[in-house]
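Since the structure comes first, as structure tokens, the remarks are kept for the end.
The values are calculated or read from the model by the stated rules, or taken from the named source; none is laboratory data. Model, not experiment: these values are computed from the prediction. Backbone-built Cβ (ideal geometry, glycine too); neighbour counts: all protein chains shown.
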């Protein structure tokens with residue numbers, strides 16, 4: 001017996017596909033200075049542009065540990081909402097989804113994106129994280145060892161990326 005999740009939900013995680021992103025139409029798909037997927041200018045000349053980011057969508061059971069939601073942080077360009085959610089995944093579920101490498105490490109990575117959370121039994125949408133309010137993984141770490149003499153839990157922390165410069169005094 002390896003334990004189980006308590007009151008699980010279903011998380012849709014868009015994992016960054018680094019190979020497909022580097023094979024994107026534009027040269028390399030990655031910005032040479034910032035080493036992140038490039039933004040391609042829009043045709044009309046207005047708007048943000050489209051990202052060369054390529055993703056693989058994965059659906060996994062998880063336990064949700066909300067930490068803060070829409071907390072306002074003051075910055076020189078105005079208030080910036082901050083959200084942080086921690087998700088606990090069971091290693092058994094990651095193994096079933098082929099998301100554990102040959103060394104026993106989970107294939108969830110920093111910069112993977114949380115798309116939404118759904119009710120486990122009905123699949124009903126609980127919360128969505130649309131464009132402009134995306135949550136990205138900032139930390140992946142093992143949390144539970146011992147039950148069944150194996151590693152049991154992996155914690156992924158998803159946070160909003162800052163959209164403005166923070167004031168430093």
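If I filter region 67-76 for residues that are surrounded by 15 or more Cβ atoms within 10 Å (Cβ to Cβ) and modelled with pLDDT of 75 or more, do I get at least one hit?
Scanning region 67-76, I find no residue that is surrounded by 15 or more Cβ atoms within 10 Å (Cβ to Cβ) and modelled with pLDDT of 75 or more, so the answer is no.
Could you run through region 2-24 and say how many residues are modelled with pLDDT of 85 or more and either outside any strand (DSSP E or B) or closer than 17 Å to residue 120 by Cβ (or both)? Spell out the reasoning first.
Taking region 2-24 and keeping what is modelled with pLDDT of 85 or more, we get 5-15.
Keeping just the survivors that are either outside any strand (DSSP E or B) or closer than 17 Å to residue 120 by Cβ (or both) gives 5-13.
Selection size over region 2-24: 9.
Given the residues 115, 110, which is the only one that is assigned to a loop (DSSP other than H, G, I, E, B), under 21 Å from residue 56 (Cα atoms) and at pLDDT 90 or above? Write out each step before concluding.
Values: 115 fails: assigned to a loop (DSSP other than H, G, I, E, B).
Answer to the check: 110.
Answer yes if at least one residue in region 154-167 is assigned to a strand (DSSP E or B) and at pLDDT below 90, and no otherwise. So that I can check it myself, show each step before the final result.
Residues of region 154-167 assigned to a strand (DSSP E or B): 154-160.
Checking the rest, the ones that are also at pLDDT below 90 come to 160.
The answer is yes; a qualifying residue exists.
If you scan region 77-102, which residues turn out to be over 18 Å from the mean Cα position of the chain (by Cα) and at pLDDT 90 or above?
Filtering region 77-102 down to residues over 18 Å from the mean Cα position of the chain (by Cα) leaves 77-80, 92, 95-96, 101-102.
Within region 77-102, 92, 95, 96, 101, 102 qualify.
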